[in-house]
Amino acid sequence: MLSRQLALPRLAVRSIQTSAAANSGHHIEHWWGPEKAAGRELVGFGSNGDNTYQDRIDYWYPAIRFRKEDDVSRPLREKEKGDWKNLSLEDKKILYRYSFRQTLSEFEAPRGYWKPITAGVMAIISLATFYAIFLHVYVYPPLPPTFQNEYKEAVIDKMLTLEKGQFLGPAAHFDYEKKQWK
């Protein structure tokens, strides 16, 4: 079974840019400028040839490692060049975390962004409802008397009286002998 992000690979890209500047003033969660990419090992071409770290479902191998090499990873990198049977499970996990930001299961896990979006939509709907109630109670005048049923019936009776014998309008649908509608 294919991953759910393979259908829309552009939505499955969470990248850390290292070649472009972020001077827009907006907070980008995983953006690294060129100064932060310094010291990271260049391990490949990447998806498009620039020095970016990207967690992507359709292109698994980033151009640079996720973390800089330090005192913890240096001996493990030397040990990695030998037989991998000599590496413990913890050593392999540490090496993985130095190369990649997250695992495939972490990458595909739901983020829960729908919760604040739903809360915002519900808040807007409730504010609009309270505003409409406020307008109905305090701003709009009461309905004029012409909207009352008694007034409408009186108007129809007056029309029937004045238009007796006409073949158009309400008078054409009223039986004057039986005093009821046809």
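Given a cut-off of 21 Å, what percent of all Cα-Cα pairs of segment 72-163 lie beyond it? Counting pairs separated by more than 21 Å, the tail of P(r) holds 71 percent.
Here's how it looks for TYR53: its modeled amide H is under 5 Å from those of ILE16, THR18, which are all 5 or more places away or on a different chain.
Under a 5 Å amide H cut-off, with hydrogens placed 1.01 Å from N, PHE174 pairs with LYS182 among residues at least 5 apart or on other chains. Could you please state, rounded to a whole Å, how far the C-alpha centre of segment 126-182 is from the C-alpha centre of segment 62-104? Here the answer is 82 Å between Cα centres.
Listed peptides 148-155, 61-68 appear in the order 61-68, 148-155 once ranked by packing, highest mean of other Cβ atoms within 10 Å at the front. Shown in residue order for segment 55-65 are the 3J(HN,Hα) couplings computed by the Karplus curve 6.51 cos²θ - 1.76 cosθ + 1.60 at θ = phi - 60°: 8, 10, 7, 8, 9, 6, 10, x, 6, 10, 6 Hz (x for Gly and Pro).
Any read-out appearing in this document is the output of simple, stated calculations on the displayed coordinates, not a laboratory observation. What you see is a predicted model, and the numbers here were worked out from it, not measured in a lab. Note that we place each Cβ from the backbone using ideal geometry, even for glycine, and neighbour counts take in every protein chain shown.
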